[in-house]
Structures are given as C-alpha cells and as structure tokens.
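Report on one structure; see the data block that follows.
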Amino acid sequence: MHSGEPLLVYDSAPFASKGHLAMNVPCNENTPETAMFDILFGHAPNLSPVKPGYLPEISAPSNNCIYHAQFGFGDPITDIARKYVGENQTTFRDSNSLVISTYESYIPITPSEKEMQHEQ
C-alpha cells in the first residue's frame, strides 16, 4: 500500500450508523502510538480523518499494532475508509484485520449530497 492510498471499508447508505472500529495493522516500531493509517468517517463524499487510539497492551510493534475508534456519535456516518499515511510503502500480513461493529442504524434527518444531486 502506498502513502495517501485510501480503501473504502464500510458503506451503510442510506442508513447512518453508530459503532466501533478496531484494526490490526503494521506500525512503526519506534512510534507505534502514531498510527500509519487514518480512519476517514463521514457521509460521502465528505469524509474526515480521525486518528485511531493505540492499544499497547495487545500490540506487537512493528509487526502488528491494534488501534480503535468510535464513530457516529456526532455527525451521521454512512461511509468509512482507511487511508495509509505512512512514509514508505507497507505490506499487510495474514494476521492484519479491520473489524467494524455497529450499535445502531438510522436514517439521517439531513439529506446526503447524493440525494440532493438526484433532486436537481
């Protein structure tokens, strides 16, 4: 994976979701608390990066580090992407993963940009 490269991992449109994300990914052995991946949350096409929290108790730098983040407890979230922000190319291992669990789904009150485009 190259720096700046995003990967869409979740799309619940037209429903917004609240939930939790955990990922087991490669990390920098010297600074594992700074993830090499941003998580982008939002209502497509408006996604914003969130720095995931590091879980040192269950991480093994540099092979695998565990990070997590909550989502949907503010603006509606229908889309989630992972974006590599490391400096060098990285390679995933068989043990790397990304897990998303949702607590609640609902239809947002405000229309999405896609819905507004279809109305025109």
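Here, each number is a calculation from the coordinates, and none is a lab measurement. Computed from a predicted model, the values in this text were never measured in an experiment. Neighbour counts are summed over all protein chains in view; Cβ atoms, including those assigned to glycine, are modelled from backbone coordinates with ideal geometry.
What chymotrypsin sites (Phe, Trp or Tyr not before Pro) does the stretch 54-90 have in DSSP loop regions with at most 10 other beta carbons within 10 Å? List each step's numbers first, then the result.
Working: sites: TYR54, TYR67, PHE71, PHE73, TYR84; in loops: PHE73.
Of the chymotrypsin sites (Phe, Trp or Tyr not before Pro), the ones in loops of the stretch 54-90 whose Cβ has at most 10 other Cβ atoms within 10 Å are PHE73.
Give me ILE58, ILE39 sorted ascending by neighbouring Cβ count inside 10 Å, so fewest comes first. Each step should come with its number before you reach the end.
Values: ILE58 10, ILE39 23.
Ranking ILE58, ILE39 by Cβ neighbours within 10 Å, fewest first, gives ILE58, ILE39.
Would you mind counting up the charge near PHE73? Only other residues with Cβ under 12 Å from its Cβ, with Lys and Arg at +1 and Asp and Glu at -1. Don't skip to the end; give the middle numbers.
Numbers: positive: LYS18; negative: ASP75, GLU104.
For residues surrounding PHE73, the net value is -1.
Placing +1 at every Lys and Arg Cβ and -1 at every Asp and Glu Cβ, with all other atoms neutral, what dipole size does the stretch 6-106 have around its Cα centre, in debye to the nearest 20?
Computed charge dipole of the stretch 6-106: roughly 80 debye.
Over the chain, what relative contact order in percent results from Cα pairs under 8 Å that are six or more residues apart? Could the numbers behind the result be given before it?
Details: 256 pairs, mean separation 50.4, N = 120.
Taking the mean separation of contacting Cα pairs over the length of the chain, I get 42 percent.
Most exposed first by the Cβ proxy, i.e. fewest other Cβ within 10 Å, how do HIS68, HIS2 rank? It would help to have the intermediate numbers written out before the result.
On the way: HIS68 14, HIS2 9.
Exposure proxy ranking, most exposed first: HIS2, HIS68.
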